[in-house]
1. Would you confirm whether any residue within region 226-234 is open to solvent by 20 Å² or more (accessible area, probe 1.4 Å), basic (Lys, Arg) and over 19 Å from residue 179 (Cβ atoms)?
2. Please name all residue pairs, on different chains or six or more residues apart, with Cβ atoms under 6 Å, provided the first residue is in region 110-133 and is part of a helix (DSSP H, G or I) and the second residue is of a type in the set (Ser, Thr, Tyr) and surrounded by 18 or more Cβ atoms within 10 Å (Cβ to Cβ).
3. Tell me which of these residue 350 doesn't satisfy, since it passes every other one: (1) surrounded by 13 or more Cβ atoms within 10 Å (Cβ to Cβ); (2) more than 47 Å from the chain's Cα centre (by Cα); (3) among the β-branched types (Val, Ile, Thr).
4. Residue by residue through region 334-354, note down the ones that are closer than 17 Å to residue 366 by Cα and without any contact (Cβ under 8 Å) to a residue 24 or more places away in the chain.
5. State which residue is modelled with the lowest pLDDT when the search covers only region 373-421 and only residues that are within 30 Å of residue 41 (Cβ to Cβ), open to solvent by 30 Å² or more (accessible area, probe 1.4 Å) and in contact with a Gly (Cβ under 8 Å, 6 or more places away or on another chain).
6. Quick one: count up the residues across region 49-64 that are surrounded by fewer than 19 Cβ atoms within 10 Å (Cβ to Cβ) and either assigned to a strand (DSSP E or B) or in contact (Cβ under 8 Å) with a residue 40 or more places away in the chain (or both).
7. Of everything in region 277-317, what is open to solvent by less than 50 Å² (accessible area, probe 1.4 Å) and hydroxyl-bearing (Ser, Thr, Tyr)? Give them in sequence order.
8. Mind checking whether some residue in region 139-147 is open to solvent by 30 Å² or more (accessible area, probe 1.4 Å), part of a helix (DSSP H, G or I) and among the small types (Gly, Ala, Ser)?
Amino acid sequence: MYNNILNKDKVTFKEIEQAIYKFFCNAAAEYTKELLEAIDGQLLEERDRSKYRDKGLRKTTIKTVYGEVEYRRHVYLTKNENGKNAAVYLLNEELGMDTIGLVSTNLAEKVIEAVTDIPFRKSSELVSKTTGQTISHSGVWNIAQTMGEKLAEEEKRLVKEFHTEQTRGTKEIPVLFEEMDGVWLKGQESGRKAPGIEVKMGTMYEGWKKDTGKRSTLAGKTVLASIGKSEVFHEKWEAKIQSIYDPEKIGQRILNGDGGNWIYDEYDAETLEQLDRFHVVRPIRSKTSHDKARKEMLDLLREEKIDELIEYADIYYNSICTDEEKPEELLALELKEFLENNRHRLASYTARLKEMPEAPAGIVYKSMGVQENQNCTVITLRMKGKRKRWAERSAANMIRLLYYRENKDLMDAVDRYTDGAVWTEPLKEKLNRPLSAAKVDMVDGKGNNRYYDAINVHLPILDSTSHRTVKVFKRLIY
C-alpha cells in the first residue's frame, strides 16, 4: 500500500485517507472472518453429538461497517419441537445472528439512523460513502422494513400484556396530559389517484419542566403513532401508558384534541376531554363575518363563559338568517353546531377542575397544545414534502422507527434485533488461540502479519484490563 502511494508523482491527502481506510477495512474483514470460523470450529468440537449431526460447511456473508465478510460455518441436522428434521447453524445461535438478517449492529445502526432523517436512496449513498460497506437503496429499504416489523411485534406483545392485565408500569403521577392529532400522508398511485394515509399520533407527558428559559420542555414525554383503526391505536396507547404508569395511581388524565371523533374513543371514562384552543379560535375567526360578533365570542371564550358563548353563536346565526341561505349564514350555522356538539370540551382543564393537583417538584402545569409541534418534528419533517408518497406497509414501518427514535428507544431496539450480544463471556472462553490475518496478501518486508506495525502502537482501549471486550480485543491483535 505504502509503495503504491509513494511511487505516484503527486498524491493528495484524500487519496492517502482513502487508501488507509480501505487497507484497514480489508484487515478488519479478514480478522472477523477468522474469528467467526474459529468460534464455529470450537462449537463443532463442543456440541452435543447425539443432538447435532454435522452436515459440513456452508458459505455465507455478513454485512459490516467495514465491508462484507465472507466466511464458512457448519450446518447441523437436528430435531425440532415437532420431532421433524431441521437444519441449524450453531454459530448463528451463539452470536444472535438470526434476527434482522446477517447485518452487524454497527451497520444496522448507521442505516436506521440515516433512514429516519433522509430518503432511502440518499441513505444508501451516505452509508456507502462513510463505511466500507456498499449498500443499495433497496438494501437500506429492506433493513428498515425488517426493523419496522420487529417493532410491530413488540407493539402486539405490549397490547397482549395490556389485555391480560400483566401491568408492568409502577410510576405514580398526579396528572397525565394526553394530546392526539392526525397527520395525512400522500399514498402511492396505483392505476388511479391513491387516497391519503392518516397517521394517528399522540403525546403523553407529565407537565412542563420548570425554569427552562423561554423554550418550554415537556417532562416525561412519550409519543406513539400508527396507521389504522382508532380502536387499534387506543389499544396501543393504553398499553403504552400501563407499561410506564400504574393506572390506579394516575390522579387525573386530561385529553386534548382537535375534535376528531377517533381521538375521544378513550378507555378511561374519567378522562377529562378538552378541545384544543387553536381549533376553537380558528372556526370562530373563519366562520364569523362581522368583526364585532367575532370579538365578542373570542372574549367569551377567553373568559371561560361557555354557555354564554354558545348562546351568542345561536343569536348571531338567527340575526343574519334569511330565506336565501347565503354563504355567511351557512358558516354561522356550522359554527353554532360545532360549539353545541363540543359544549363539554370547550372550557380549559384549569377552569373545569375544582382543585388542581399539586405538580411534582421541578414541574409546572401550563395550557395544552403541543401536538402540532410534535407532529412536525416526529412525522412531517421526514415523511411529507418533496413529492414523498408512501405505500401503507412502508409508511407504517417508518412511523414506528420515528416514534421509537423520539422516545430514545430506537438504538436499543436495533441492538436487540442484530448481533448486539456478540461480546459475551461464553464467546471469550471459546477464543483459546490467537488470531492472525495470515490469509491477507503479504507486503514487502519481514514478518507474516502485514498489520503488525499498524496495530503495534499505543491504543487507549488496551489500558483497561477489566472489561471482557478488551480481553477479546487483545487476543485478536496479539
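1. yes
2. 114/123; 115/123
3. Answer for residue 350: the failing condition is (2).
4. Once the filter is applied, which keeps residues that are closer than 17 Å to residue 366 by Cα and without any contact (Cβ under 8 Å) to a residue 24 or more places away in the chain, region 334-354 yields 350, 354.
5. Step one: of region 373-421, the residues within 30 Å of residue 41 (Cβ to Cβ) are 414-421.
If we keep only those that are open to solvent by 30 Å² or more (accessible area, probe 1.4 Å) too, we end up with 415-416, 420-421.
With in contact with a Gly (Cβ under 8 Å, 6 or more places away or on another chain) added as a condition, the list becomes 420-421.
Numbers: 420: 41, 421: 38.
The residue in question is 421.
6. 9
7. 288, 316, 317
8. Residues of region 139-147 that are open to solvent by 30 Å² or more (accessible area, probe 1.4 Å), as a first pass: 141-142, 146.
Checking the rest, the ones that are also part of a helix (DSSP H, G or I) come to 141-142, 146.
Within this subset, residues satisfying the condition of being among the small types (Gly, Ala, Ser) are none.
Looking through region 139-147, none of the residues is open to solvent by 30 Å² or more (accessible area, probe 1.4 Å), part of a helix (DSSP H, G or I) and among the small types (Gly, Ala, Ser).
The values are calculated or read from the model by the stated rules, or taken from the named source; none is laboratory data. All values reported here derive from a predicted model rather than from experimental measurement. Please note: Cβ atoms are built from the backbone with ideal geometry, for glycine as well, and neighbour counts cover all protein chains shown. Protein only, heavy atoms only, side chains kept; ligands, DNA and RNA dropped before computing areas. Shrake-Rupley method; radii C 1.70, N 1.55, O 1.52, S 1.80 Å.
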